[in-house]
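Enquirer: Take this structure first; my questions come after.
The values are calculated or read from the model by the stated rules, or taken from the named source; none is laboratory data. Just so you know, these numbers come straight off a predicted model, no measurement behind them. Quick reminder, even Gly has a Cβ in these numbers, built from the backbone with ideal geometry, and neighbours come from all protein chains shown. These area figures cover heavy atoms from the full protein model, side chains too; ligands, DNA and RNA do not enter into them. Shrake-Rupley method; radii C 1.70, N 1.55, O 1.52, S 1.80 Å.
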Amino acid sequence: YCTAIPVAALLAQSWNMDLIQKCGDIVGKEMEEFHISVWLAPGMNIHRNPLNGRNFEYISEDPYLTGWISAVQILGMEKSDVTGTIKHFCGNNQESKRHTVNAVVSERALREIYLKGFEIAVKDAQPMSIMTSYNLINGVHAANCYDTCTKAARDEWGFAGAIMTDWTTTNVQIQGECTAAGCMRAGNDMVMPGLPEDHENIKKELADGTLTMAELK
């Protein structure tokens with residue numbers, strides 16, 4: 001019996017940051033009532049193609065507007081001591097074949113378009129969690145990508161929260177390989193939801209020396 005807040009694409013069309021922060025405040029208060037501490041939103045992927053089946057859930061084709069709206073939503077929620085999860089990090093701009101698509105993108109386009117909203121949200125609202133995406137980025141699975149998870153989010157932007165995978169990321173891939181140990185090396189804190197195969201992969205790589213205890217910790 002939650003309040004039905006307008007979808008992200010509609011909120012974005014208001015350009016009203018005070019209103020959007022109030023919506024975040026409503027969400028935060030209701031989360032507290034339900035004893036929920038983390039909202040798996042806002043979704044921040046860029047409206048690259050109008051046929052993307054989840055565009056309603058994402059904010060805009062503009063990375064600057066996407067970043068600011070996400071930031072003020074989170075700031076509104078955090079008045080209630082709860083937080084959001086900015087997702088899907090990153091390059092997840094289509095729903096069709098999202099488990100297998102390889103987002104081939106230059107560093108400039110990645111930084112100016114597909115990472116910029118996340119950067120703004122991290123620097124201005126410091127959400128407590130980021131969710132990685134299913135797709136590959138230039139041939140590397142997003143959840144196994146050290147350059148985005150650690151070098152960009154943590155080292156450059158100062159992200160101090162938890163990075164989690166999307167659900168069953170390590171078990172739904174058709175091309176390439178996405179492993180739980182690879183998620184740890186890249187800078188994820190949680191492999192969701194955590195399957196027996198993930199435990200076995202981590203234990204095997206610890207034994208083999210391809211994953212260190214320091215990386216796991």
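Enquirer: Counting only protein heavy atoms, what percent of the accessible surface of the chain is carbon or sulfur at a 1.4 Å probe?
Expert: For the chain, the apolar C and S fraction of the accessible surface comes to 56 percent.
Enquirer: Collect residues whose amide H, placed 1.01 Å from N in the peptide plane, falls under 5 Å from the amide H of Thr85; neighbours closer than 5 in sequence don't count.
Expert: HN-HN under 5 Å from Thr85: Trp39, Ala41.
Enquirer: For the Cα atoms of the chain, what angle does the longest principal axis make with the long axis of helix 63-77, in degrees from 0 to 90, nearest 10?
Expert: 80 degrees
Enquirer: Would you please give the FRET efficiency between His35 and Asp189, computed as 1/(1 + (r/R0)^6) with r the Cβ-Cβ distance and R0 = 25 Å, to the nearest 0.05?
Expert: Efficiency, from the Cβ-Cβ distance: 0.70.
Enquirer: Pairs of lysines 8 or more apart, or on different chains, with alpha carbons under 18 Å: count those in the chain, would you?
Expert: Lysine pair count for the chain: 12.
Enquirer: Another question, then. Select from Gly28, Ser80, Ile137 the residue farthest towards the positive end of the dipole of the chain; place +1 on Cβ of Lys and Arg, -1 on Cβ of Asp and Glu, and compute about the Cα centre.
Expert: Ile137
Enquirer: A follow-up question, please. Assign one of three labels to the chain, namely rounded, prolate or oblate, based on the Cα gyration tensor with a ≥ b ≥ c the square roots of its eigenvalues; rounded applies when a/c is under 1.5, prolate when it is not and a/b is larger than b/c, and oblate otherwise. Let's see the in-between values first.
Expert: Details: a/c = 1.85, a/b = 1.46, b/c = 1.26.
Prolate, since a/c reaches 1.5 and a/b exceeds b/c.
Enquirer: Can I ask one more? Calculate how steeply helix 116-125 sits against the longest principal axis of the alpha-carbon atoms of the chain, using the helix alpha-carbon long axis, and give the answer as 0 to 90 degrees to the nearest 10.
Expert: 70 degrees
Enquirer: Given a Förster distance of 30 Å, report the FRET efficiency between Val104 and Phe56 from their Cβ-Cβ distance, rounded to the nearest 0.05.
Expert: After rounding, the FRET efficiency stands at 0.70.
Enquirer: Also: Just how far, in whole angstrom, is segment 151-183 from segment 76-145 if you go by their alpha carbon centroids?
Expert: If we compute the Cα centre of each part, the gap is 10 Å.
Enquirer: In addition: Counting each DSSP H run of 4 or more residues in the chain as -39500 (n - 2.57), what helix-only mean residue ellipticity at 222 nm follows after dividing by all residues, to the nearest 500 deg cm²/dmol?
Expert: Working: 7 runs with 71 residues, N = 217.
Using -39500 (n - 2.57) per qualifying helix, the result is -9500 deg cm²/dmol.
Enquirer: Nearest-5 percent of antiparallel DSSP beta bridges in the chain?
Expert: Restricted to the chain, the bridges split so that about 15 percent are antiparallel.
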